[in-house]
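All remarks here apply to the structure that follows.
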Amino acid sequence: LIDRSANKHGHMPIYRHTKTLKPVGEAQILRVPLAELSRCDCDPNKPDPCSSDEHCLNRML
């Protein structure tokens, strides 16, 4: 997270890398159950399983 307030020298504080999302203020992290997510239904045994003529969800996104 970056603290937007400048330090006593007028410089912005050093950037800190985070490994997880941290909500700021009143923000919320929404979690979607895996059962509600769509999957690609392409057949991996085809020569070109996710070709442009298929209706692949991955290619449409």
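The values are calculated or read from the model by the stated rules, or taken from the named source; none is laboratory data. All values derive from a computational prediction rather than experimental measurement. Virtual Cβ from ideal backbone geometry, glycine too; neighbours counted across all protein chains shown.
When you scan the range 15-40, how many residues do you find that are surrounded by fewer than 10 Cβ atoms within 10 Å (Cβ to Cβ) and in contact with a Cys (Cβ under 9 Å, 6 or more places away or on another chain)? Give the steps one after another, and end with the answer.
Filtering the range 15-40 for residues surrounded by fewer than 10 Cβ atoms within 10 Å (Cβ to Cβ) gives 15-39.
Keeping just the survivors that are in contact with a Cys (Cβ under 9 Å, 6 or more places away or on another chain) gives none.
So the count comes out to 0.
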Pull out all pairs, ordered by first then second residue, where Cβ-Cβ is under 6 Å, the residues are six or more apart or on different chains, the first lies in the range 33-61 and is on the phi < 0 side of the Ramachandran plot and polar (S, T, N, Q), and the second is at pLDDT below 75 and surrounded by 10 or more Cβ atoms within 10 Å (Cβ to Cβ). 38/57; 58/40
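Before we move on, is residue 39 part of a loop (DSSP other than H, G, I, E, B) and modelled with pLDDT of 70 or more?
Values: part of a loop (DSSP other than H, G, I, E, B): yes; modelled with pLDDT of 70 or more: yes.
Criteria met by residue 39.
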